[in-house]
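What follows is a single structure, written as structure tokens, with notes after it.
The values are calculated or read from the model by the stated rules, or taken from the named source; none is laboratory data. None of these values were measured; they are calculated from a predicted model. With ideal geometry, Cβ positions are generated from the backbone for all residues, glycine too; neighbour counts draw on all protein chains shown.
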Amino acid sequence: MKVVLLSGGGGGARFARGLADTLPPGDLTVVGNVGDDLEILGLLVSPDLDSLLYTLAGLIDEGRRWGREGESWNALASARAWGGEEWFRLGDLDLGLHLVRTELLHAGMSLSGVTDQLREKASVSTRILPATDGRLRTHVHAPAGSFPFQEWFVARAHEDEVDAVSYEGADDARAASGVLEALADAEAILIAPSNPYLSIGPILAVGEIRTAVESRRVRCVAVSPLVGGKAVSGPLDRMLSRMAGGTTPAHVAGCYPALIDGLVIDGADAPGEADVELVATRTLMSDRDAARRLAEHVLEAACG
Ligand code: GDP
């Protein structure tokens, strides 16, 4: 069953692995967020694509939930000693990937081409595509000012309340090579339990992708990233309360108007009224098996 998943790099990557463990090899295509990407120390870093790749390749640090297992930090310490920026943490093993990606991009390869080459090197059968090969950057607007995503998330520890989120470059962004074809071939479209504003929003801000999902002929099912009205990690519950007025399943579904047919919610959330079909199950991906069981439920819901 050909499936396309729209995903960020946290809850999204864990869910992607659950799907990859369930579906036949090669049936899953993941379209990843690039709104979090940044240039730092001369390198192009693509945190969500990397979390997807590391998770699917079994290289992720499961405790930290980002970066590589067995990481060391010598290069960053040396860069700091030479006066380089250190607020964005890049480990020695992780740096190797950023060096190769940056070199290939400078040589003229597209981000989708580079990502595919890295995936092949890691022997991952799931296709990972950036939403766009163009430049798209998320900005967070808070009472204290407007910040590029990583400055707000990492440097300011995402403590500012968020009034709005915008996606620089989205108006001109085209879907990356392969994305529209994958959506057209999909027998189901899924939206991962990722932050709707920060991870899925930038993907759907690419007009061609939004239109393809809006005019789908197959079901599109999202998984709620809330358990009992709370984010499992990160700032989503605060963001939803402030920007959408609450954290019920209806508030989550409201982030995807005309884009989803169903929402898979956790059993700890009272379903209440929503404009889409709600399916309750256990959505906490405490381990790989739990992620696989969730993936099975979501695929069932997507088959209608
Ligand atoms: P980011 O790119 O690191 O921000 O990652 P995502 O947007 O993909 O994931 C962050 C979201 O995943 C948060 O809103 C969490 O609440 C959600 N999340 C993390 N783990 C789980 C889980 O086990 N179950 C569910 N339902 N959501 C989760």
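Of A280, A291, which residue is near the ligand (Cβ under 8 Å from one of its atoms), of a type in the set (A, V, I, L, M) and not in a loop (DSSP other than H, G, I, E, B)? Steps first, please.
Values: A280 fails: near the ligand (Cβ under 8 Å from one of its atoms).
Just one listed residue meets the conditions, A291.
Just so you know, in segment 181-198 the residues that are in contact with a helix residue (DSSP H, G or I) (Cβ under 8 Å, 6 or more places away or on another chain) and part of a loop (DSSP other than H, G, I, E, B) include one that is farthest from the ligand (Cβ to nearest atom), and it is A192. Of the residues making up segment 1-47, those that are over 18 Å from C303 (Cβ atoms), away from the ligand (no atom under 16 Å from the Cβ) and outside any strand (DSSP E or B) are P25, G26, L41, G42. If you go through segment 257-268 and keep only what is surrounded by fewer than 21 Cβ atoms within 10 Å (Cβ to Cβ) and within 14 Å of the ligand (Cβ to nearest atom), you end up with G267, A268.
Only one residue in L41, L19 is within 17 Å of the chain's Cα centre (by Cα) and modelled with pLDDT of 95 or more. Which one? Explain how you work it out, then say what you get.
On the way: L41 fails: within 17 Å of the chain's Cα centre (by Cα).
Unique residue meeting the criteria: L19.
For segment 199-239, a tally of residues being more than 7 Å from the ligand (Cβ to nearest atom) and in contact (Cβ under 8 Å) with a residue 24 or more places away in the chain returns 25. For the list (1) within 18 Å of I40 (Cβ to Cβ); (2) touching a Leu at 6+ places or on another chain (Cβ under 8 Å), I need the number of the one condition that H139 fails. Here H139 clears every test but (2).
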